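The values are calculated or read from the model by the stated rules, or taken from the named source; none is laboratory data. Bear in mind the structure is a predicted one, so any value in this text is a computation, not a measurement. For neighbour counting, all protein chains shown are included, and Cβ atoms are generated from backbone atoms with ideal geometry for every residue, glycine included. Note: accessible area is taken over every heavy atom of the protein model, side chains too, but ligands, DNA and RNA are not part of it. Shrake-Rupley method; radii C 1.70, N 1.55, O 1.52, S 1.80 Å.
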Amino acid sequence: WNALHPQTKPLVYMTYIGVKEATSDWADALKTEMMKNPGYFQIAQIGLSMTYDGTASSHYEQDVAAGLYDKQISAFIDGLQALAMPAYVRIGYEFNGVAWNGYAPATYKQAFIRITNMMRARGVEAATVWNFAMDGVMNFQDYYPGDAYVDWWAFNVFAANHLTDPNVYRFLDSARAHGRPVLIGETTPRSVGVLDGQQSWNKWFVPFFALIHSRPEIKEFSYINWDWSQYAQWSTWGDARLEKNSVVRANFAGEMDSTQYLHASSESAFRKTLGYADAAPPATPGTISVVQNAYPLKLNWNAVTDLSGLSHYCIYKHGVLADYALTLPYADKTVVAGDTITYAVTAMDRAGNESAATPGLRVTVPSVLAKAVNGEFNNALDGWHLSSYATGAAGTIVIDSSSVLSGRNSSLTTVTQSSGTDWHLQLWQYLTVHSKYKYKISFRAKASAPKTIGVCVQQSASPYAVYFNGSHALTTTPQTFVDSVVVNTALMAKLEFFLGSSALAKVWIDSVSILEISPTVTSVDDRPTPVPAMYALHQNFPNPFNPTTTTIAYSLPMSSPVSLKIFDVMGREVATLVQGEKPAGTHTQRWNASGVSSGIYFYRLQAGLYSETRRMLILK
């Protein structure tokens, strides 16, 4: 990005994910990176793997084809919807890399078709890409799923001799015969690099761009700007970073100045090149309203449709484009404790026409913001990930509703294999951190046997800087642990529980809280009561109860009209405990049941659109 001229920035951003690793929030970190340059619209190019790269025996495309990973594919598509940008998806990229990916032709084709059908059924603006590797076997047609499922053909080219290899031209000829555009999915000057300046340029870059100019079916290329020499397995590949040699940088930037290339610019300018006849902008979305003034902040407006198809909604903060959204309500995960934000929304269609903006809405975020996602595990494992980072570390995770530490559920991780290094097995979730803000982390935990676990706040991408790293000794008795850290940077991070220490045990974790505290809050002890992250109706206490009074607690993430009523087993209303507006926070209500008989009763909370019912038992 920084090596190129202001008007010739890259339009495409590359990333990778495995089907096994796909969760609904997988695209959060990607979106954070892609939104760092306001005013420049970009397209994601996603390598979607069905193997463990470099280990051919680990391929699982046969299980994808059989439907065993439909849940993960659906979560992957959830991420595409949250990204709300167009994307190239290289399904099982380098399909013919038998030596390192291990895909078999029949099951690869079936898996490709299954993923394509699921993507298209959801209506995401994504192109399917069939990606051939020059280092693989050459029987590429054996892997072809068919024109009905493949939008783009692609090939990866690295070595200088690849650029003139007859198989490249055979592949391009086949693509043209099938009427398919071609992208170069991955390219880098392998074993040439940039450090020799003009010599490097002549040896690799000149024939590379000659190939592009000679074959008009090549419509996109993705250059990997990376120092390969720092990694043992690629130590001979050299340093491919354009900024490391002024000659190569200048020559590359000059090539990009050609009018033959499309570059990152405004979304409207990009979409005007796509040839739509539609020139009418969509209708203006309706007035914005706040659904949840907590984390994530949720906004709503009236949905719109368009003749050429809706690309997405454009979210403006203080008049600057800040985000995109496809689904409603819109969840803003970038809010910061104590912020005051003015939002406006437009609708962008696929032809590049943008609607007028909604009236601005001013929202003030609480100065102490509860940022843990699903910290009580009441939404199963939503937002949480269990990852192993070594072959000697393994575990399983389930939701335990029988031995809970608080509320209805706890997470239960069974450590089945240990490498002896705690961070090799992690339970984690994404966390956006901000400079000068304090983060107070608390949780309840126990183990089936004494075990030490780590707690870490760490950058989510290379170089994986650590901002906090502590440890806690778990026993068989539930304990509450509290840590805090002031972060001096703003980026996408992770909250991580390191579970890989040598003791093989079961670990229960619950009531995870992450409070982001604005620098304006001078004393944590004097901070306002944190606002709950979601609506919740808690189990009454005690239960069963006798004597005659029990306490019912409920949580509101924002001021809401509240109805709390008691019903008998026949559905008849017994008592109304609360009826009216209540502020955000956790509230308690007592009920004197002296006037009713023993038995089962139900209490129901209605707050805004939220409704939940729980059971209680009176024993007199």
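Roughly how far apart, in whole Å, are the Cα centres of the stretch 284-346 and the stretch 36-58? Answer, in whole Å: 26.
Helix 105-122 axis versus longest C-alpha principal axis of the chain: approximately 60°, rounded to the nearest ten. Each of the peptides 98-111, 309-322 was scored by the mean count of other Cβ atoms within 10 Å over its residues; in descending order, highest first, they stand as 98-111, 309-322. The portion of the accessible surface of the chain made up by carbon and sulfur, rounded to a whole percent, is 52 (1.4 Å probe; DNA, RNA and ligands excluded). Ranked by solvent-accessible area (1.4 Å probe, protein heavy atoms only, all chains present), the residues W423, W301, W237 order from largest to smallest as W423, W237, W301. Entry comment: accessible area of the stretch 1-75 is 44 Å² per residue, from protein heavy atoms only and a probe of 1.4 Å.
With θ taken as phi - 60° and the Karplus curve 6.51 cos²θ - 1.76 cosθ + 1.60 applied, the whole-hertz 3J(HN,Hα) list for the stretch 177-188 is 5, 8, x, 10, x, 10, 10, 8, x, 9, 8, 6 Hz, x standing for glycine and proline.
Extension gain for S229 to A356 (0.36 nm times residue separation, less C-alpha to C-alpha distance): 40.7 nm.
Extension gain, N302-R408: 0.36 nm per intervening residue step, less the Cα-Cα distance, totals 34.7 nm. Taking 17 Å as the cut-off, the amide N atoms of the stretch 86-128 that come nearer than this to a point 7 Å along the Cα-to-beta-carbon line of D147 belong to 128. The stretch between V574 and N167 holds 138.6 nm of extra length on full extension. This uses 0.36 nm per residue minus the Cα-Cα distance. Cα centroids of the stretch 129-156 and the stretch 74-123: 12 Å apart. Between N546 and D70, the distance separating the two model label sites (each 7 Å from Cα on the Cα→Cβ line) works out to 4.9 nm. Computed from these coordinates, which is Cα Rg over 2.2 N^0.38 Å: (1) 1.09; (2) 0.97; (3) 1.04? Structure-derived value, by its label: (1).
Under 5 Å between amide hydrogens, built in the peptide plane, is the criterion, and for Y13 it picks out I43, A44, Q45 among residues at least 5 positions away or on other chains.
Taking amide H atoms as placed 1.01 Å from N in the peptide plane, the amide H of T432 lies under 5 Å from those of A493, each 5 or more residues away in sequence or on another chain.
Other residues whose C-beta falls under 13 angstrom from the C-beta of L11 contribute a net charge of +1, scoring Lys and Arg +1 and Asp and Glu -1. Axis angle, to the nearest 10 degrees, between helix 70-83 and the longest C-alpha principal axis of the chain: 80 degrees. Here's how it looks for F221: its modeled amide H is under 5 Å from those of I184, which are all 5 or more places away or on a different chain. Modelled spin labels at K219 and H178, positioned 7 Å past Cα toward Cβ, are 1.4 nm from each other.
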